[in-house]
Amino acid sequence: MIKEIFGYNLKKFRNSREFTQEHLAELLDVSTTQIYKMESGKSFASAEMIEKIASLFDIPPYKFFMTEADIDTESDDFQECARYIKSRIDHLFAKDIIK
């Protein structure tokens with residue numbers, strides 16, 4: 001199931017940028033067959049590849065694992081929680097507590 005969700009979202013984000021499978025493959029330095037297999041859920045990307053794809057599309061990696069239902073329920077509470085966590089992390093970096 002997770003491979004299919006990832007593949008669905010990869011194709012959705014690729015199409016939103018009007019990239020062909022061939023163009024995406026070139027950008028990622030993989031074969032067109034690999035893109036096809038990831039999009040169809042026949043293979044899965046490594047963590048490094050997911051990070052590379054997310055960076056290319058300027059999308060947080062977790063978005064590749066969200067279903068349409070997840071996106072619809074991404075509430076203000078979630079956004080508020082994310083802002084709070086980010087502010088705490090920023091605070092820790094500012095105080096040199098974490099590097």
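Derivation of every value follows stated rules applied to the coordinates shown; laboratory data play no part. Keep in mind the model is a prediction, meaning the values are calculated, not measured. We place every Cβ from the backbone using ideal geometry, glycine too, and count neighbours over all the protein chains shown.
Quick look at the values:
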item: Label-point gap, in nm, between GLU51 and SER87 - each point 7 angstrom along Cα→Cβ; result: 2.9 nm
item: Helix axis angle, 76-94 relative to the chain longest principal axis, alpha carbon, degrees; result: 70 degrees
item: Contour excess over end-to-end distance, with Cα ends at GLU22 and GLU4 and 0.36 nm allotted per residue; result: 4.5 nm
item: Positive-pole candidate from HIS91, ILE5, PHE78, dipole of the chain, charges at beta carbon; result: HIS91
item: 222 nm mean residue ellipticity, helices alone, for the chain (DSSP H n ≥ 4; -39,500 (n - 2.57); rounded to 500); result: -20000 deg cm²/dmol
item: Test item: Cα-centred dipole of the chain, Lys/Arg +1 and Asp/Glu -1 on Cβ, debye; result: 280 debye
